[in-house]
Amino acid sequence: MIETELAIVGAGLAGMTAARTAFDAGTRPLILEAGHRIGGRIEGLPDADGRVVGDLGPSWVWPAFQPGIQRWLDRLDLPVFDQYEHGDAVLDGFAPTPMRHQLPGQFGMARIVGGPSRLVEAMAAPLDAGCFHYGSPVVSIRQRDDGRLEVHRQSGPPVIAGQVLVAAPPRRVAERITLPASIDPGLPRALAGQSTWMAAQAKAIIQYAHPFWRDAGLSGRIASRVGPLFEAHDHTSAEGDAALFGFISTPLSERRERSLEQPIIDQLTRCLGPQAAQPDAVVIRDWAMDDTVCSEADRREPPAHPSVGPATLRAPHLGGRLWFCAAETADQSTGLLEGALLAGEAAARGALEQRPQVA
């Protein structure tokens, strides 16, 4: 049996923000992560030297419109650079052949130097290795007679915690974690009803020796009706590592049955010219196959951006013992990186403020 003041379930951005907020306030958290790394849906693509050159999960931030993002970037001293969008886009499937066309700009869209991975790493920097328990999927949480919470994992001894912050995607919590019987009866429905943003999405990064599309006056942006990428963008790093990235439109059932690498190369060649035919690498990350992120409900339903969920998702439960925080529980930038930051920070602060009542 392991005892702790504060247990955090999930080491994604919301969980790590909660952990950092608690640590900076003088509390050492214990973090239970189902997978074997921090970051959750944030995952960097490393080169041979371990340097992150692409983002297999979310990539964009809008500091001009997201004060929560800007505040944490300033605090952690993380610079950003503008998303490259100079030149024409390519429309694919809107005419017999792809055509160049100007598309409206996406003002304020930026990328973190080193990717969102740097954000998660900076959050974790002051925490010692003993704070992290990897390969620890939580299966149930129950309340003991003394009021504390007993967290059971698939393996390993239970964790007894004064307070628990659950920072996993709400639908995954609804499907995988048995909650205390005395919980607000509306909470399980609220958790199950909150779709996980981009959970069933597959993303491709296509690496090149040189961003040749820029030489041709193209932005690297593609909008397609025929796929397999329905949307593509320049993904060249701040250090100049040339790449494109795209979201895959191929249905989940077909993604399991056939390789997408050559169809993606064929599409980019059709849209951007013969230089696209010889990439250095094509890397596909299919988040629908990741059980630590994607729920069965997310796999079954069409993708949808989560709306702001019921207040019970952000409220304290069991007298301030149990809290929920994930990007999808936020009441601002729901599902986005800023939402994860705000949710994790708010839950940790709320729990710490109520600690005297549950001590």
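Every listed requirement among (1) under 15 Å from the mean Cα position of the chain (by Cα); (2) of a type in the set (Asp, Glu); (3) in a helix (DSSP H, G or I) is met by Asp291 save one, (3). Residues considered: Ala64, Ala34, Ala18, Ala7. Of these, the only one that is more than 30 Å from Gly147 (Cα to Cα) and small (Gly, Ala, Ser) is Ala64.
If you check Leu78, Leu73, Leu13, which single one turns out to be modelled with pLDDT of 95 or more and surrounded by 24 or more Cβ atoms within 10 Å (Cβ to Cβ)? One residue alone meets the criteria, Leu13.
The combined condition, being open to solvent by 30 Å² or more (accessible area, probe 1.4 Å), modelled with pLDDT of 95 or more and more than 29 Å from Arg171 (Cα to Cα), is not fulfilled by Phe23. Counting only residues that are open to solvent by 40 Å² or more (accessible area, probe 1.4 Å), among the acidic types (Asp, Glu) and outside any loop (DSSP other than H, G, I, E, B), the stretch 81-98 holds 1 of them. For the stretch 101-122, give me the residue count where each residue is at pLDDT 95 or above, part of a loop (DSSP other than H, G, I, E, B) and over 11 Å from Gln83 (Cβ atoms). Qualifying residue count for the region: 3.
From the list Gly217, Gly227, which one is surrounded by fewer than 21 Cβ atoms within 10 Å (Cβ to Cβ), within 19 Å of Leu268 (Cβ to Cβ) and at pLDDT below 95?
Gly227
In the stretch 261-279, which residues are open to solvent by 10 Å² or more (accessible area, probe 1.4 Å) and either polar (S, T, N, Q) or in a loop (DSSP other than H, G, I, E, B) (or both)? Matches in the stretch 261-279: Gln262, Thr269, Gly273, Gln275, Gln278, Pro279.
Residues in the stretch 237-246 that are open to solvent by 10 Å² or more (accessible area, probe 1.4 Å) and either touching a Gly at 6+ places or on another chain (Cβ under 9 Å) or not small (Gly, Ala, Ser) (or both): Ser237, Ala238, Glu239, Asp241.
Look through the stretch 294-313, keep the residues that are open to solvent by 10 Å² or more (accessible area, probe 1.4 Å) and of a type in the set (Ser, Thr, Tyr), and return whichever of them is farthest from the chain's Cα centre (by Cα). Step by step, filter the stretch 294-313, then rank; the result is Thr312. Looking only at residues in the stretch 314-359 that are at pLDDT below 95 and among the hydrophobic types (A, V, I, L, M, F, W, C), the one that is surrounded by the most Cβ atoms within 10 Å (Cβ to Cβ) is Val358.
The values are calculated or read from the model by the stated rules, or taken from the named source; none is laboratory data. Since the model is a prediction, treat every value here as computed from it, not as a measurement. In this analysis, Cβ positions are derived from the backbone assuming ideal geometry, glycine residues included, and neighbour counts consider all displayed protein chains. Note: accessible area is taken over every heavy atom of the protein model, side chains too, but ligands, DNA and RNA are not part of it. Shrake-Rupley method; radii C 1.70, N 1.55, O 1.52, S 1.80 Å.
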